[in-house]
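**Student:** This structure is in structure tokens; I'll ask about it shortly.
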Protein chains: 2
Amino acid sequence: MSATIPDKPRIAIIGSGALGCYYGARLVKAGNDVHFLVRTGRAAIMARGIRVKTPTERFHLKKVQTHATTTEIGPCDLVIVSVKATANSALAKLLPPLMGPDTIVLTLQNGLGVEEPVAEVVGGEHVLGAICFIGSTRTAPGVINCSFPGLVMLGEFGRPAQARTREVAKLFETAGVKCEAQDNLEELRWKKLVWNVPFNGLAIAAGGITTDVIMADEGLRLLARRLMEEILEAAAKFGHAIPRTFMDLQFDRTAKLGKYEPSSLIDYHAGRAIELEEIWGEPVRRAKSVGVPVPRLETLYWLIKRLLAARKTKKKAR
Amino acid sequence: MSATIPDKPRIAIIGSGALGCYYGARLVKAGNDVHFLVRTGRAAIMARGIRVKTPTERFHLKKVQTHATTTEIGPCDLVIVSVKATANSALAKLLPPLMGPDTIVLTLQNGLGVEEPVAEVVGGEHVLGAICFIGSTRTAPGVINCSFPGLVMLGEFGRPAQARTREVAKLFETAGVKCEAQDNLEELRWKKLVWNVPFNGLAIAAGGITTDVIMADEGLRLLARRLMEEILEAAAKFGHAIPRTFMDLQFDRTAKLGKYEPSSLIDYHAGRAIELEEIWGEPVRRAKSVGVPVPRLETLYWLIKRLLAARKTKKKAR
């Protein structure tokens with residue numbers, strides 16, 4: 001189960017949102033055999049293909065292979081899961097038809113505990129995870145505006161990088177996506193939380209504010225740091241020694257972002273699903289499982305959970 | 001400075017909102033010489049007096065003594081401070097003209113640290129504080145709807161009840177207000193926080209929700225309890241041993257309130273000032289001063305502070 005992948009692998013993209021379309025389109029452009037599972041807006045993508053705009057280029061794939069079911073796609077060498085974690089209950093039905101003995105399933109989902117639901121369906125030895133540093137929005141079905149192509153960090157679920165990990169990374173690199181194979185995916189996920197937990201969280205919980213407002217508010221800035229410290233302490237208990245200077249780096253980086261709207265806040269305002277459990281809930285549960293108190297993180301989790309529940313009720317009432 | 005008060009004392013009411021008008025009107029009705037400082041709606045009160053409605057009675061004082069300044073009122077035996085703590089910066093000018101050698105200044109304000117600003121102006125030996133359990137709203141200047149007359153608990157600032165404390169309590173009782181002189185005002189204030197901190201706080205921070213929503217939300221209910229525990233621990237360090245069963249009592253009581261909108265949420269929605277520092281900020285500072293960590297309380301404080309700041313900005317923008 002660490003077999004190498006073929007030269008022109010058969011690839012399935014599960015979820016044709018901003019990430020799925022962007023990486024999928026890049027892989028198509030590089031000559032790969034890419035199959036998109038498209039549930040909403042399929043007619044539009046069939047008629048007009050995929051258009052991608054980045055700060056440095058534009059391209060248009062007039063024809064892409066779209067499918068309504070994964071049975072129609074059949075077994076692949078690489079399956080890229082780019083639906084939101086909130087849609088994970090669908091994986092048990094979606095993934096099996098795509099699996100062969102050496103199929104790699106790569107999840108691009110955000111937060112903690114996103115490899116596990118995939119592993120439950122296909123077996124952990126098939127699973128890779130990636131952390132995507134990217135700014136990308138889908139303005140219409142198949143129309144992708146990528147403001148910041150960024151970087152993908154790739155790793156194996158529960159083990160260091162293998163030959164296949166580096167091959168998948170190379171596949172992305174060849175397709176024009178900066179990509180690194182990493183030895184400790186789990187640690188990377190904790191590190192990403194160091195920013196995501198406070199900034200995505202406070203942006204929502206403090207009334208829908210951008211990062212500059214958090215940075216200018218003495219209390220919230222201190223609270224962001226305390227939340228980061230809770231994450232660091234929990235991560236340390238799992239053997240991930242994130243240096244304290246990593247926190248300063250987050251603040252320096254955030255100061256440069258200016259009036260930045262974190263992705264969860266964009267989704268919150270747009271009424272879209274938010275990775276509540278993966279970004280806030282799962283870290284709370286893991287921290288508690290090793291006896292690390294995370295009172296601020298838990299407070300934030302419960303408040304956001306309630307705010308999201310209220311949003312659902314409002315939606316129903318409409 | 002523990003002189004008794006005269007039979008028909010001269011009383012000033014500073015702040016003619018729901019509380020000031022209600023207690024003031026009761027004291028007028030009982031035959032006392034009561035002077036109201038009225039800043040907004042004075043013409044209405046001069047023309048139409050004060051109307052009070054309670055669950056069991058209605059009365060109308062056609063003529064009340066109103067004043068625009070405290071200099072006009074002059075020295076009194078009892079001064080009742082019923083402006084919000086958020087207006088305390090005005091006390092340094094308002095109080096001195098009302099003071100005689102034995103004047104009692106009784107503050108009805110909510111939260112922690114409300115006697116101190118009064119004491120700074122008039123001297124601590126003049127100061128009494130009260131905790132008002134009351135449901136009362138001002139529907140128009142001088143028009144008071146008291147849905148729940150409740151109870152006043154009265155105490156000295158920094159010392160046990162004196163002869164004068166019991167006399168002021170008797171003055172209220174004679175006027176038809178249930179009133180008890182208590183020996184430990186500070187402890188009562190901490191006890192009131194046990195409810196106010198979580199329920200007023202979460203009602204605002206979790207998106208403007210009533211207490212039944214908090215009670216039905218597993219996370220928020222647990223958070224409310226954790227907040228109470230933080231208060232209890234801090235209070236204990238100041239020598240106030242509040243039993244843990246007091247927390248259960250709060251939940252039992254709140255369950256019976258049904259769809260109840262805490263006063264701070266009412267004020268928040270109405271765009272009125274909220275005792276941010278007295279209910280959340282001061283307890284945080286006091287807890288920290290004795291080395292008790294209150295992470296959830298502090299988180300709540302910072303979030304509410306930001307939400308209030310955003311409200312101010314919106315107001316200005318209008």
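**Student:** Out of the residues in region A:201-243 that are within 13 Å of chain B (Cβ to nearest Cβ) and outside any helix (DSSP H, G or I), state the one that is farthest from A:Lys305 (Cα to Cα).
**Tutor:** A:Asp217
**Student:** Return a yes/no flag: does region A:59-77 have any residue that is under 30 Å from A:Asn200 (Cβ atoms) and at pLDDT 95 or above.
**Tutor:** no
Yes or no, residue by residue, for (1) free of Cβ contacts under 8 Å to residues at least 24 places away in the same chain; (2) farther than 27 Å from A:Pro293 by Cα; (3) of a type in the set (Val, Ile, Thr):
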{"site": "A:Arg159", "(1), (2), (3)": "yes, yes, no"}
{"site": "A:Thr165", "(1), (2), (3)": "no, yes, yes"}
{"site": "A:Ala169", "(1), (2), (3)": "yes, yes, no"}
{"site": "A:Leu185", "(1), (2), (3)": "no, no, no"}
{"site": "A:Lys192", "(1), (2), (3)": "no, no, no"}
{"site": "A:Leu202", "(1), (2), (3)": "no, no, no"}
{"site": "A:Ala205", "(1), (2), (3)": "no, no, no"}
{"site": "A:Lys237", "(1), (2), (3)": "no, no, no"}
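**Student:** Looking at this structure, is A:Thr174 within 13 Å of chain B (Cβ to nearest Cβ) and under 29 Å from A:Thr139 (Cα atoms)?
**Tutor:** Here the answer is no, as A:Thr174 does not meet what is asked.
**Student:** What single numbered condition from (1) farther than 22 Å from A:Ala85 by Cα; (2) surrounded by 13 or more Cβ atoms within 10 Å (Cβ to Cβ); (3) within 14 Å of chain B (Cβ to nearest Cβ) fails to hold for A:Leu257?
**Tutor:** Here A:Leu257 clears every test but (3).
**Student:** Moving on to the next point. Can you tell me which residue among A:Glu218, A:Glu115, A:Glu173 is of a type in the set (D, E, K, R) and in contact (Cβ under 8 Å) with a residue 24 or more places away in the chain?
**Tutor:** Only one candidate qualifies: A:Glu115.
**Student:** Condition first: β-branched (Val, Ile, Thr) and in contact (Cβ under 8 Å) with a residue 40 or more places away in the chain. Now tell me which residues in region A:5-40 satisfy that.
**Tutor:** Hits for region A:5-40 are A:Ile5, A:Ile11, A:Ile13, A:Ile14, A:Val38, A:Thr40.
**Student:** Tell me, yes or no, whether region B:261-268 has at least one residue that is aliphatic (A, V, I, L, M) and more than 16 Å from B:Ala85 (Cβ to Cβ).
**Tutor:** Yes, region B:261-268 contains a residue that is aliphatic (A, V, I, L, M) and more than 16 Å from B:Ala85 (Cβ to Cβ).
**Student:** From the list B:Ala12, B:Ala43, which residue is touching a Leu at 6+ places or on another chain (Cβ under 6 Å) and either crowded, with 17+ Cβ neighbours inside 10 Å or assigned by TED's automatic domain parsing to the domain that holds B:Lys170 (or both)?
**Tutor:** One residue alone meets the criteria, B:Ala12.
**Student:** B:Ile274 fails exactly one of the following numbered conditions: (1) β-branched (Val, Ile, Thr); (2) within 24 Å of B:Ile134 (Cβ to Cβ); (3) assigned to a helix (DSSP H, G or I). What is the number of that condition?
**Tutor:** (3)
**Student:** Sticking with this one: Taking A:Ala68 as meeting all but one of (1) more than 23 Å from A:Thr137 (Cα to Cα); (2) surrounded by fewer than 16 Cβ atoms within 10 Å (Cβ to Cβ), write down the number of the exception.
**Tutor:** (1)
**Student:** From the list B:Val105, B:Val83, exactly one residue is closer than 22 Å to B:Glu282 by Cα and in a loop (DSSP other than H, G, I, E, B). Which is it?
**Tutor:** After ruling out the rest, the residue left standing is B:Val83.
**Student:** Can B:Val284 be described as part of a loop (DSSP other than H, G, I, E, B), within 14 Å of another protein chain (Cβ to nearest Cβ) and of a type outside the set (S, T, N, Q)?
**Tutor:** no
**Student:** Then there is this: Only one of these is part of a loop (DSSP other than H, G, I, E, B) and under 26 Å from A:Arg272 (Cβ atoms): A:Val121, A:Val177. Name it.
**Tutor:** A:Val177
**Student:** State whether the residues of region A:156-167 include one that is charged (D, E, K, R) and part of a strand (DSSP E or B).
**Tutor:** Looking for residues that are charged (D, E, K, R) and part of a strand (DSSP E or B), one finds at least one in region A:156-167, hence yes.
**Student:** Under 7 Å between Cβ atoms, which residue pairs at least 6 apart in sequence (or on different chains) link something in region B:288-313 that is modelled with pLDDT under 95 with a partner that is acidic (Asp, Glu) and buried (at least 16 other Cβ atoms within 10 Å of the Cβ)?
**Tutor:** Correct list of pairs: empty, since none qualify.
**Student:** May I pose another question? Those residues that are part of a loop (DSSP other than H, G, I, E, B) and not hydrophobic (A, V, I, L, M, F, W, C), I need them from region A:58-80; list them, please.
**Tutor:** A:Lys62, A:Lys63, A:Thr69, A:Gly74, A:Pro75, A:Asp77
The values are calculated or read from the model by the stated rules, or taken from the named source; none is laboratory data. Just so you know, these numbers come straight off a predicted model, no measurement behind them. Using ideal geometry, Cβ is built from the backbone for each residue, glycine included, and neighbour counts are taken over all protein chains shown.
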